[in-house]
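Worksheet: one structure, shown below.
Each reported figure results from applying straightforward, stated rules to the coordinates on display, with no laboratory input. This one's a predicted model, so the numbers in the text were calculated from it and none came from an experiment. Here the Cβ positions follow ideal geometry from the backbone for every residue, glycine too, while neighbour counts run over all protein chains shown.
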Amino acid sequence: MLRLITATLFCGTLLATTAMAQQSGSTSQGTGQLQQVARFDHQVTGVSVSEDGRIFVNFPRWTEDAPISVAEVSRDGQIKPYPDEEWNSWRNAKKNKMSAGDHFVCVQSVVADGHGNLWVVDPAAPATAAVVQGGPKLVRIDLKTNKVAQVIHFDEGVAPQGSYLNDVRFSQDGQFAFLTDAGAKGALVVVDLKNGKARRVLDGHPSTQPEKDVVVKTDGKELRRPDGRGVEFAADSIALSADGRTLYWKALTGRTLYRIATDALQDPGLSAKDLEARVERVAETEPTDGLWIDRRGRFYLSAIEEDAVKVLDGDRTTTLVKDKRLRWPDTFSEGPDGSIYVTSSRIQDMSWFKPENGPRLKTRLWRIGPEQGADPGSVKQP
């Protein structure tokens, strides 16, 4: 039997938004409860909740010149630039006037590592187009001082033109980072956080590439741009097992979930051929954007075609929550109480696909409430 999360409500704001949703007639399917945490005037992608409950989000420069790249969300749903306004001051129009190495250019994800740090992934490719020279980086912010403590720059060998670094997970000992590249040629990136050295692995390997027979569908039809181009993103979704020993990933435009032992990724002595031999096919799922494995080993999937969040239990999936307001569930994070947060980035509503909508999209951050009477045990990890 599917066993779901238990958590307490996140402040009175959530009670109010839940009541508003009920009054508006919106209903959720599944065993989870969808509760609004915040609304944004711009397109959000990433979310992360620190070990002490602070919430952070990010806004990429995809169709508009976002005024904030990384923000902290207050308990009343307001946002402020994080760590400060200076790091968030880069603009497209100032590309040749501002240094890309010490400003956020086009941030795709934010992840708290559980060791007092917030890490920011900046692929530095506005509109997922050309990579701004000197911009690709992984930034560590000390949550105690709220200051940038480390910047790891990626050269063209790690983040070449056409790349789009997407999301990141960290080894339990805090020594390694693992990133996906969802760009023109998918890959994984392994970073030694002590010395800042990064390696691009599984570059062009079938496990990191879009699957040619997969066409993403939303609202019951194929999602395509006016010129006929569909959604084509390579290695995107990424998750780390609860024990830190296994890394999972898949292409957004794909159905196959893959995994590899993290000790293999951390071994620079393994040849490309030997590393590829360690890759395992895990399951056939569906197009997803976000993956998450919680502390008890429960495996979450963002079902972007269905406005839903599902749980993978062994070789079967069960719907946790399905709600028309959850348009394109994007990125997950877990609160200190075990609750699950997810952004709704509304990618199918972007001007890329619906020019009439214009460049700006209002988006939301959600929290998935507990199932009443849920068995708190763990599920079978794939």
Quick one: length gained pulling Arg199 to Val215 fully straight, 0.36 nm per residue minus the C-alpha distance? 2.7 nm
Simple label model, 7 Å out from Cα along Cβ direction - Ala127 to Asp65, nm: 1.3
Estimate the FRET efficiency between Ser271 and Val151 by the formula 1/(1 + (r/R0)^6), using the beta-carbon distance for r and 30 Å for R0, to the nearest 0.05. 0.45
Give, as ranges by residue number, the residues of the stretch 53-77 whose backbone N falls under 18 Å from the point 7 Å along Cα→Cβ of Ser99. none
Stretchable slack from Lys354 to Ala261, in nm (0.36 nm times residue separation minus alpha-carbon distance): 29.4 nm
For the pair Thr318 and Ser89, the simple spin-label estimate (label points 7 Å beyond Cα toward Cβ) gives in nm 5.2
What is the distance in Å between the Cα centroid of the stretch 78-147 and that of the stretch 170-189? 17
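Compute the Kirkwood hydrodynamic radius of the chain, taking the inverse of the mean of 1/r over all pairs of distinct Cα atoms, and give it in Å to one decimal.
Details: mean 1/r = 0.0484 Å⁻¹.
After inverting the mean inverse Cα-Cα distance, the result is 20.7 Å.
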Please report, to two decimal places, log10 I(q)/I(0) for the stretch 64-189 at q = 0.12, 0.17, 0.23 Å⁻¹ as given by the Debye formula with identical point scatterers on the Cα atoms and no solvent. -0.43, -0.86, -1.46
Mark the label point 7 Å from the Cα of Glu222 along Cα→Cβ and return the residues of the stretch 269-303 whose backbone N is within less than 18 Å of it. 287
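Could you list Asp65, Asp167 so that the one with the fewest beta carbons within 10 Å of its beta carbon is first and the one with the most is last?
Details: Asp65 13, Asp167 27.
In order of increasing Cβ crowding within 10 Å: Asp65, Asp167.
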